[in-house]
1. Might you check whether a residue that is at pLDDT below 90 and not assigned by TED's automatic domain parsing to the domain that holds B:Gly264 occurs anywhere in segment B:143-164?
2. Could you check segment A:1-49 and list, in sequence order, the residues that are within 14 Å of A:Ala269 (Cβ to Cβ) and within 12 Å of chain B (Cβ to nearest Cβ)?
3. Name the strands (runs of 3 or more DSSP E) wholly inside segment B:2-106 in which the number of residues that are farther than 30 Å from A:Tyr257 by Cβ, more than 14 Å from chain A (Cβ to nearest Cβ) and polar (S, T, N, Q) is 1 or more.
4. Can you say whether B:Asn159 is away from every other protein chain (no Cβ under 14 Å), over 29 Å from the mean Cα position of the chain (by Cα) and among the polar types (S, T, N, Q), as far as the supplied structure shows?
5. State all residues of segment A:1-16 that are in contact with a helix residue (DSSP H, G or I) (Cβ under 8 Å, 6 or more places away or on another chain) and open to solvent by less than 60 Å² (accessible area, probe 1.4 Å); if no residue qualifies, say none.
6. State whether the residues of segment A:71-93 include one that is open to solvent by 50 Å² or more (accessible area, probe 1.4 Å), assigned by TED's automatic domain parsing to the domain that holds A:Phe109 and closer than 30 Å to B:Phe425 by Cα.
7. What tally of residues in segment A:147-189 results from selecting those that are among the β-branched types (Val, Ile, Thr), more than 25 Å from A:Gly124 (Cβ to Cβ) and without any contact (Cβ under 8 Å) to a residue 40 or more places away in the chain?
8. Within 17 Å of the chain's Cα centre (by Cα), within 9 Å of another protein chain (Cβ to nearest Cβ) and charged (D, E, K, R): is that true of B:Glu381 in this structure?
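The values are calculated or read from the model by the stated rules, or taken from the named source; none is laboratory data. Being a predicted model, the structure only gives us computed values, none of them experimental. Cβ atoms come from the backbone with ideal geometry, glycine included; neighbour counts cover every protein chain shown. Ligands, DNA and RNA are stripped out before the accessible areas are found, and what is left, the full protein with its side chains, is counted by its heavy atoms. Shrake-Rupley method; radii C 1.70, N 1.55, O 1.52, S 1.80 Å.
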Amino acid sequence: MNRSRGETLWFWLFAGPAVAGLLAFNVWPMLYSLWLSFCRYEVLAPPEFIGLQNYRYLFTHDPAFWPSVRVTLVFTVANLPLAIAGALGFALLLNQPVRGRGFWRAVFFLPSILPQAAFAVVFGYIFQADGGLLNRALALAGIQGAAWTTSPTWALPVLIVVSLWSFGYPMVIFLAALQDVPRELHEAAHIDGADGWARFRHITLPLISPIIFFNVVMGVIGALKVFDLAYAFSVSQAQPMPGGPARATLFYGLNLYQQAFGFFHLGLASAMAWLLFAFIAALTYVNFRAGRRWVHYGD
Amino acid sequence: MSSLSRPLLAWVTIAALAALGFWWAGHRREPAPRPGVTEISWYVLINPLREVYEAQVAEFERRHPEYRVRIVWVPGTEYNVRLKTLAAAHQLPDLFYTGDVWLSYLMPFTRDLSDFARRDAAETGLDTDYFPEIRRAMQLDGKIYILPEHVNVSLLYYNRRMFREANLPEPSAEWTWDDYVRAAQRLTRPGDEHHPAIWGSSRMEGWWGEWLIFVRQAGGKVFTPDGHRCLLDSPAAIAGLRFYLEKSTRYGISAPAGFEPVNGFVNQRVAMVIGGHTNFWTNYNQVTDLDWDVQILPAGPARRAGGELAIAGYSISRESRHPEAAWELVKFLTRPEAIAQVVAHGQLSVRRSVAEAVMRQPGRANPHQLEAAYRQFAYAEPIPHHPHYIEIMLQIVQAEVDRMVIGELTPEEAGRRAAADVNAFLDTFHRAAP
């Protein structure tokens, strides 16, 4: 046996299990779900091919589909800039040479290791309409608070606020990027008379733009797939049907989960999953195209 | 060893180890039953009666050494998902705990118990001891799929102290919606900076528990008898929805949308509850100064009937390998002594003999007018036996009712939109109805 053949065998020996796992547990289920998206499949009977009927129902008849799309897009548009700006802002603060910097970094990262379910329960108590902490505080000032968690107007904004507490991971990535910005560039700009904002605008931002881009792409994907926070929020509010009130917190991921595992419309849920996959892929492509204009890789 | 055989040997070793791992992971850890002993698997959702069930099973195994029962406790939030997943995998337990609310949904993998029930009618007391309304609720197309253990029925719950303090007579069995509104208005007190508001009645939001009662009492229905069309846009159904809405917006007897006091009845900030649940009776009785009672629901403009009657009990899976053994266990769990233990934990009996024995008990816990709860059976009915009832009501209809409650839609618009969406759902998927 020649050397090249031996190397190929060793390659497959080590890569084989991973490739097999990928094919068995990722590629095959994905392809199967694509097939299911053209079927009526409710678990107890074999899949029945129905063509595009699932997609047609989603686009034209399903009363929950478009509201769930709207909720998810509103959440993404509102959450992403706030989350990115917040994470970058805290990273800038925590990059300053202050006493106990390590301690503060740990403190600000702590919320990110808490499960979303815990957030949902705690914030549910804070925002409770009758006797919640916020409304009690407002009442002291003579203000009648809203039904924050049970009003279709306020429930989604409340969830956006709650979600912002999980800024720890992008913050840590920003922090690492900020520490990579060469100090001498700042010193040179300072000597040339650039103020703090100018240095941030013309040195820091361009140098960390790949990291901003990374956080934006991951943030968009994460926001479009939000599930756990919305589900935990519904459970903490004892909603018989997750996503209420009046579908105000019916995120796409939550709707998909309900269709798949609440009602076992696995064909319909597969169609939803593929629509989400296509949308995320398209949006990521747009992001990459747009990123060419503002992301600097230093080459 | 050649360079070819070494990787091959490694592959074989890895494959053997993986196979061993899979076998170990899937291998049953519990000891197999002794020869001649039949194991009955029973899925039951975790609930406060756990000790009662475990004691029952221990007693069953003592009396029937030929059987062993393997109880699998499942959290309520996962229960139906797990059950249906197991059905898809042909791994269903012999016996599972369920209710008539889920019956149409579970029917494809639930065994028809009619033959067993007919054969053992005398032993089970099905024809003689079960309330007739319960017998009707446990059947679908004339077949029996569930043997009930307890029942919940919609009632008027009220706080006796609040009625006394307002110099109001307690609700009577002849009450109508008007009587209910008048009393609730007398009981409602606005809040100020020192005292929270007191509401004459709650308004249950987020599901059909209360508004469906009003729709039915106004003469409305959710579906046509064949289940193929939704009727929530009918004038009668809209009248029911309007009364539900106007409890807050017109009569001022219930909190505005979203401001329902948490546990308002227990905290004595709500004087009356329409619907309610017998599951809460034990909790109510743990609050020492809560003097509460129940009454038949007030009559609506069309009829008094319309409250919900929901049974919970035992079904046997269609694929059970031991249906006779599972049936033995079902009979054991539904004998009067067993049901009496469940009822002692604050449930309503499905069997007349147990109900009568409880009502004869001196100094029993509230409700004082327990007989009203049993009389309400005559005015109650199960939810429509439609295979997609829960999905339709929670996923489609409830969102429109929510929007009505917050003032985005009128009752007419809510009824029309709900009916249109439900009909589109039924048309698209050609949902068969029983």
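1. So in segment B:143-164, the residues at pLDDT below 90 come out as none.
The answer is no; no qualifying residue exists.
2. Here is the first cut: in segment A:1-49, the ones within 14 Å of A:Ala269 (Cβ to Cβ) are A:29-30, A:32-43, A:47.
A:Arg40, A:Tyr41, A:Glu42, A:Val43, A:Pro47, listed by residue number.
3. Details: elements: B:38-45, B:67-74, B:95-99.
By residue number, B:38-45.
4. Values: away from every other protein chain (no Cβ under 14 Å): yes; over 29 Å from the mean Cα position of the chain (by Cα): no; among the polar types (S, T, N, Q): yes.
The answer is no for B:Asn159.
5. Once the filter is applied, which keeps residues that are in contact with a helix residue (DSSP H, G or I) (Cβ under 8 Å, 6 or more places away or on another chain) and open to solvent by less than 60 Å² (accessible area, probe 1.4 Å), segment A:1-16 yields A:Leu9, A:Leu13, A:Gly16.
6. yes
7. The initial filter retains those residues of segment A:147-189 that are among the β-branched types (Val, Ile, Thr), namely A:149-150, A:153, A:158, A:160-162, A:172-173, A:181.
Subsequent filtering for residues that are more than 25 Å from A:Gly124 (Cβ to Cβ) retains A:172-173, A:181.
Of the ones still in play, those that are also without any contact (Cβ under 8 Å) to a residue 40 or more places away in the chain are A:181.
So the count comes out to 1.
8. Numbers: within 17 Å of the chain's Cα centre (by Cα): yes; within 9 Å of another protein chain (Cβ to nearest Cβ): no; charged (D, E, K, R): yes.
Taking the combined requirement at face value, the residue does not satisfy it.
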